[in-house]
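Below: one structure, written as structure tokens.
The values are calculated or read from the model by the stated rules, or taken from the named source; none is laboratory data. This is a predicted model, so every value here is computed, not measured. Every residue, glycine among them, receives a Cβ derived from its backbone with ideal geometry; neighbour counts consider all protein chains shown. SASA here: full protein model, heavy atoms, side chains in, ligands and nucleic acids out. Shrake-Rupley method; radii C 1.70, N 1.55, O 1.52, S 1.80 Å.
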Amino acid sequence: MTDAMNEWITREDDPVEDDLLLDEQPEDETADLAPHCYEHFCYVADRKQSLLRIDKFLTDRMMNISRNRIQMAAEANCILVNGKPVKSNYRIKPLDRVSIVMSHPRYETEILPEDIPLDVVYEDDDLLVVNKPPGLVVHPGHGNYTGTLVNALAGYLREDPQFDPADPAVGLVHRIDKDTSGLLVIAKRPEAKTGLGLQFFRKTTLRRYMAMVWGILKEDCGRIDGNIGRDPHDRLQMAVFPDGEQGKPAVTHYQTRQRLGYVTLVECRLETGRTHQIRVHMKHIGHPVFNDARYGGNRILKGQPFSKYRQFVQRCFDICPRQALHARTLGFVHPTTGRELFFESELPDDMQQLIDQWHQYVSTNKES
């Protein structure tokens with residue numbers, strides 16, 4: 001995979017998760033494997049093994065995989081017996097060494113299918129769009145090896161013989177943080193991921209977020225342009241480097257939607273997709289996302305220090321116990337049909353209730 005292809009995955013998850021996702025295992029050093037292939041599974045037939053088709057042999061030994069998928073792997077020369085590719089009608093003999101090889105290393109942990117409800121907004125043979133709830137980790141990683149969106153996709157698409165959740169050639173094209181809600185597109189076929197990935201890389205997709213931020217923005221709209229990289233003083237955070245000597249280029253456009261006392265509802269449009277981009281950019285201009293614990297938005301940053309006001313803000317924190325950020329709009333060109341697709345997701349209940357609370361506060365406290 002080239003550097004450009006690696007850029008296709010928009011990394012917006014928690015940096016800790018990003019660093020530890022899908023740690024690659026070293027290449028198996030078995031001499032008889034084909035060049036540039038990595039062994040994922042290996043089975044050695046018993047001395048008393050009777051003649052048995054290899055697809056049946058593997059189906060009996062592997063969990064959560066269909067016979068049809070094994071047959072497809074054999075057709076793709078991904079199943080080796082004693083170092084040589086075989087077809088699915090090959091009959092296993094005693095002491096045969098059966099290997100399943102892929103073009104990428106095996107992941108640290110297997111991705112197990114789980115029956116986790118998915119809000120599927122759109123689906124066809126090539127891709128699907130889901131509306132992720134807050135609190136759902138997108139990808140298995142350190143401390144979150146189950147219960148993720150990828151596990152949910154593995155369960156949802158378990159009957160699709162062409163979808164392998166462990167294959168980086170399919171699956172997530174971009175990601176959002178655990179506590180950010182909203183729209184994500186998933187590729188079911190390698191060709192779809194290639195086409196979608198290029199659109200993200202070339203910045204031709206449409207991505208808009210709704211965010212509640214602290215303070216009243218002076219301008220109705222603006223552009224934030226500043227490289228984003230890991231904070232040298234705190235590896236759990238990202239930071240803006242305005243001089244451009246560190247980090248990667250990042251551009252966020254914002255537009256004010258509602259001014260609500262000591263907070264503002266803004267719409268942010270991404271040109272790039274860096275880790276925590278909106279969160280770190282809004283903090284950089286002095287307006288952290290409301291209740292964003294990582295970037296200081298979980299404290300009272302604006303308003304008068306009266307106990308009644310403090311109680312109100314705490315109630316707002318309880319209503320929306322995460323950063324108030326929602327991936328509302330997603331647009332792209334279908335990689336197969338060429339048709340323009342555009343999706344919008346309504347604000348989740350916690351953010352809508354948060355807005356309602358501030359509306360009520362403003363209406364009863366005109367001086368704010």
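From helices alone, the chain scores -6500 deg cm²/dmol at 222 nm; the rule is -39500 (n - 2.57) for each run of n ≥ 4 DSSP H residues, then divide by the residue total.
Averaging the sequence gap over all C-alpha pairs within less than 8 Å and six or more residues apart, then dividing by the number of residues, gives the chain a relative contact order of 16 percent. By a 1.4 Å probe calculation restricted to protein chains, Arg61 has an accessible surface near 100 Å², given to the nearest 10.
Pairs from the list Lys93/Lys193; Lys178/Lys248; Lys56/Lys84 with a Cα-Cα gap above 29 Å: Lys93/Lys193.
Counting Lys and Arg as +1 and Asp and Glu as -1 over every other residue whose Cβ lies under 11 Å from the Cβ of Ala45, the net charge comes to +4. Of the residues Thr148, Val121, Pro133, the one whose Cα sits farthest towards the positive end of the charge dipole of the stretch 75-201 is Thr148 (charges of +1 on Lys and Arg Cβ, -1 on Asp and Glu Cβ, taken about the Cα centre). Expressed as a fraction of 2.2 N^0.38 Å, the C-alpha radius of gyration for the chain is 1.17.
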